[in-house]
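Asker: I have a structure here, written as structure tokens, and I will follow up with some questions on it.
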């Protein structure tokens, strides 16, 4: 158990290191200096902060208390609190300003707690899934994102990256065995159908990937030639992966357990039995998938809902809402297809002669 905890801690550090390195590279590209500081004193007008970073170790700066940073009583900075400081260009030259709360230590502790809990309860399987997660995030950060930024086709980057991530997630978490191999085949086959479906849905609904402010920022700088429609495709495809490998592994496992319990079952009986289990899985996953997407977009959905200047049909017709609807429906269709595909593959290739 101690060895598992050690490996979990190492995986956590690895994951946080990947994230920190990527974030550091982004901040350097922005040519903005950032540092961590501790608030010494603060009032409604000014705030004094002591800088911790090596280049400015011990330096005390005074900045105006940002009204946007104190929207509510809980958001007001207090003495002793650590914050992220940014040196920004102003009309009077460069000056330090409070940029955000410093929450990396809290995030690190939460990550370690979650990883330790998954390892303690999930055992080797849980630990393996955490390692697969770390590798997948590293792959996205250091392969997919740079390729997209360099102008490679989001369609092919998304499909190839999705296949690799699916393989990592399945084989690392469940081991390299016959079940995992068949689950990967089912996932990859479903990904091909999902690719065609996503492309057709984006064209059919006339979505162009401009439904969020982030897309505007992307095309307004060095990525002016970025294919936003292709980026939308890649995002939907990657978003569907989480449910696909879950349902394909489950379906193949069900078929294998049915064969073990009753070797006399025919391939047809195995397929229909697995499909009955798959229906229950689909019923729960559809709700989970929809709520996950709604939860992410809830603030903007609420903003659009209370905006009385536009009727409801105009809001639903907007590109942002249209993207979320297509994202959800494609995920639902993909996981629905994954159940019979995985059941069919499992029934035909796992059937053993007795």
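Asker: Would it be correct to say that residue 315 is farther than 20 Å from residue 214 by Cα and either assigned by TED's automatic domain parsing to the domain that holds residue 275 or part of a helix (DSSP H, G or I) (or both)? Walk me through it before giving the result.
Answerer: Working: farther than 20 Å from residue 214 by Cα: no; either assigned by TED's automatic domain parsing to the domain that holds residue 275 or part of a helix (DSSP H, G or I) (or both): yes.
When the stated conditions are applied, residue 315 does not pass them.
Asker: Please go through the range 233-249 and give me each residue that is over 14 Å from the mean Cα position of the chain (by Cα) and buried (at least 20 other Cβ atoms within 10 Å of the Cβ), ordered by number. Let's see the steps before the verdict.
Answerer: Residues of the range 233-249 that are over 14 Å from the mean Cα position of the chain (by Cα), as a first pass: 233, 244-249.
Within the range 233-249, 233, 244, 245, 247, 248, 249 meet the criteria.
Asker: Also, I was wondering about something else. Is there a residue in the range 242-263 that is assigned by TED's automatic domain parsing to the domain that holds residue 342, free of Cβ contacts under 8 Å to residues at least 60 places away in the same chain and under 30 Å from residue 318 (Cα atoms)?
Answerer: Looking through the range 242-263, at least one residue is assigned by TED's automatic domain parsing to the domain that holds residue 342, free of Cβ contacts under 8 Å to residues at least 60 places away in the same chain and under 30 Å from residue 318 (Cα atoms).
Asker: Now for a separate question. Listed residues 275, 350; which is over 28 Å from residue 206 (Cβ atoms) and at pLDDT 90 or above? Full working, then the answer.
Answerer: Numbers: 350 fails: at pLDDT 90 or above.
Of the residues listed, the single one that is over 28 Å from residue 206 (Cβ atoms) and at pLDDT 90 or above is 275.
Asker: Name every residue in the range 107-124 that is surrounded by 15 or more Cβ atoms within 10 Å (Cβ to Cβ) and either more than 20 Å from the chain's Cα centre (by Cα) or under 24 Å from residue 193 (Cβ atoms) (or both), in order of residue number.
Answerer: If the condition is that a residue be surrounded by 15 or more Cβ atoms within 10 Å (Cβ to Cβ) and either more than 20 Å from the chain's Cα centre (by Cα) or under 24 Å from residue 193 (Cβ atoms) (or both), then 116, 119, 122 are the ones that fit.
Asker: Let me spell it out: the conditions are (1) closer than 19 Å to residue 194 by Cα; (2) over 22 Å from the mean Cα position of the chain (by Cα); (3) surrounded by fewer than 19 Cβ atoms within 10 Å (Cβ to Cβ), and residue 278 meets all of them except one. Which number is the exception?
Answerer: It fails just one condition, (3).
Asker: So, one more: Using the structure shown, decide if residue 336 is in a helix (DSSP H, G or I) and either crowded, with 17+ Cβ neighbours inside 10 Å or in contact (Cβ under 8 Å) with a residue 24 or more places away in the chain (or both). First the steps, then the outcome.
Answerer: Values: in a helix (DSSP H, G or I): yes; either crowded, with 17+ Cβ neighbours inside 10 Å or in contact (Cβ under 8 Å) with a residue 24 or more places away in the chain (or both): yes.
Yes.
The values are calculated or read from the model by the stated rules, or taken from the named source; none is laboratory data. Since this is a predicted model, take the numbers as computed values, not measurements. Cβ coordinates were reconstructed from backbone atoms using ideal geometry, including for glycine residues, and neighbour counts include every protein chain displayed.
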